[in-house]
Amino acid sequence: MTTPIPPPQPATLETIAGSAALNEVLACLRARRPVFHSEADLQHSFALAVGEVAREVRCRLEVPVRRSDASEYLDLLCLGPAGRTAVEFKYVTRQWAGTAGTPPEEYALRGHNAPDVARRDFLRDIERLERFCDREDQNGLALLITNEASLWHPRQRRMPTRDEEFRIHHGRELSGTLLWAGGSFPDNTRVLRGAYTLAWRPYMQLEGPGGEFQCLAVFITPNPAQPPPLHEA
């Protein structure tokens, strides 16, 4: 048995491709898919939900974004008459098995067991989206769905951890240069141009241990003033 939980109303308008409000997309997604088998499953299901909420929006998965010396792939690009949205997804799970959805479907989620890596990778998504949103009509969305409670409600710690600056719990503000282990691992350093106050929202409550799923959405505003380092193929 599943118990949907309606998310709180946002303080500011959060839209995808200038047409679909994020709350409406999540409500549609929640009604169809209380849980997902994998991150690719989430990506596909989210794209379908966007199309259902705003039929004028076209969604493209795994869009190549190229520059002279490298190529990257964007999880999802939403194209609408009123704008565009670049979306990066993270689906981080602890072990959970059960039946959910209508008609009932069996799920067996594995545990990732690396919350610090999940935090690092989510911050990387935000940093990448800041680079991708280099045109006036394109914003970004970093979306994380998880049943790993330590991500939204971290345990008390006696000593700082290597991912101390990468914490993404509710109410945290992210900005500026974030160092991993005090800068001991330069490749993990993240530099953010924006400031983001994190607000987790309930996604779904399923039965059993690990059955609580929460969602974290971070919108990135366009920054057309920056030199455009990346261009779609």
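The values are calculated or read from the model by the stated rules, or taken from the named source; none is laboratory data. Being a predicted model, the structure only gives us computed values, none of them experimental. Here the Cβ positions follow ideal geometry from the backbone for every residue, glycine too, while neighbour counts run over all protein chains shown.
Below, the figures for the structure above:
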read-out	value
Counted residues, segment 138-176 - those being under 20 Å from Val117 (Cβ atoms), at pLDDT 95 or above and polar (S, T, N, Q)	2
The listed residue being touching a strand residue (DSSP E or B) at 6+ places or on another chain (Cβ under 7 Å), of a type in the set (Gly, Ala, Ser) and within 23 Å of Phe219 (Cβ to Cβ), out of Ala49, Ala100, Ala82, Ala142	Ala142
Test for Ile168: is it part of a loop (DSSP other than H, G, I, E, B) and either of a type in the set (Gly, Ala, Ser) or within 19 Å of the chain's Cα centre (by Cα) (or both)	yes
Which listed residue is of a type in the set (Ser, Thr, Tyr) and more than 21 Å from Lys90 (Cα to Cα), from Ser175, Ser184	Ser184
Residue count for segment 61-97, restricted to those that are farther than 18 Å from Ala142 by Cβ and either out of contact with any Phe, Trp or Tyr (no Cβ under 7 Å at 6 or more places or on another chain) or buried (at least 18 other Cβ atoms within 10 Å of the Cβ) (or both)	13
Residues of segment 24-48 classified as in a helix (DSSP H, G or I), within 15 Å of the chain's Cα centre (by Cα) and among the hydrophobic types (A, V, I, L, M, F, W, C), total	7
Residue that is surrounded by the most Cβ atoms within 10 Å (Cβ to Cβ) [pool: residues in segment 103-123 that are aliphatic (A, V, I, L, M) and over 13 Å from the mean Cα position of the chain (by Cα)]	Leu109
